[in-house]
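Working notes, beginning with the structure itself.
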Amino acid sequence: MSTFAEIGEGLERAWDTLSEGWRQLRRRATQALTRFNPGDRRSGLETTDEQFLQSASRWGLLTADVSENDDEVRVRLEAPGMEADDFDLQVNGNVLVVRGEKRVERDQVDGRFHVIECAYGSFERAIPLPAEVDEQGARARYRRGVLTVRLPKKASARKRRIEVG
């Protein structure tokens, strides 16, 4: 095999690997990709925080894990940089809707930023649930940047073993 053929095969393998990696990333991140709205400012930007928000990303990842057992559905959402009272949670059918607002908190007030990748502002993320839940019994906790929501299943959605006599 010639050197050019070997290089061609190596490039083809590298392209296939890169292509597969992008497909997996797109498939996994599609639901987690969340739009942040920094607010509607029709007038001029008044404060340095408002000016900073104009440069911040409009999109961020709010990654979630959804699991279930016989009695409940558990949702774990990574949302760093927030406080517990920044969230608004609702259940609409079999979807958990998480709304919130991530506010700008900057330690640095002078100088220039060269990279601004964090997203700030209000957001909404809809997370499909695998079973019907009783939202009245739901419990939520926010700790160390992770929102955990525990939703008890409705009696009709719970598994139960039927004894054979």
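Coordinate-derived values only; no laboratory data. Given the structure is predicted, the values throughout are model-derived calculations rather than measurements. Cβ atoms come from the backbone with ideal geometry, glycine included; neighbour counts cover every protein chain shown.
For segment 7-24, the Karplus equation 6.51 cos²θ - 1.76 cosθ + 1.60, evaluated at θ = phi - 60°, returns couplings of 4, x, 5, x, 5, 5, 5, 5, 5, 4, 5, 4, 4, 5, x, 5, 4, 5 Hz by residue, with Gly and Pro reported as x.
Full extension of the segment from TRP22 to LYS154, taken as 0.36 nm per residue of separation minus the current Cα-Cα distance, would add 43.7 nm.
Highest-first packing order for the peptide set 6-18, 118-130, 56-68 is 118-130, 56-68, 6-18, based on the mean count of other beta carbon atoms within 10 Å.
Distant-in-sequence amide contacts of GLU72, defined by a placed amide H-H separation under 5 Å and a gap of 5 or more residues or a different chain, comprise LYS153.
Taking 7 Å steps out from each Cα toward its Cβ at GLU83 and VAL146 produces label points 2.3 nm apart.
At an R0 of 41 angstrom, the distance between the Cβ atoms of GLU9 and GLU163 translates into a FRET efficiency of 0.10.
I need the calculated FRET efficiency for the pair THR30 and ARG103, taking r as the beta carbon distance and R₀ as 30 Å, to the nearest 0.05. Given R0 = 30 Å and the Cβ-Cβ separation, E is 0.70.
Available extension along the chain between LEU61 and ARG139 is 25.7 nm, counting 0.36 nm per residue and deducting the alpha carbon span. Here the Karplus curve 6.51 cos²θ - 1.76 cosθ + 1.60, taken at θ = phi - 60°, turns the phi angles of segment 149-159 into couplings of 10, 10, 10, x, 6, 5, 4, 5, 9, 7, 6 Hz, with x standing for Gly and Pro.
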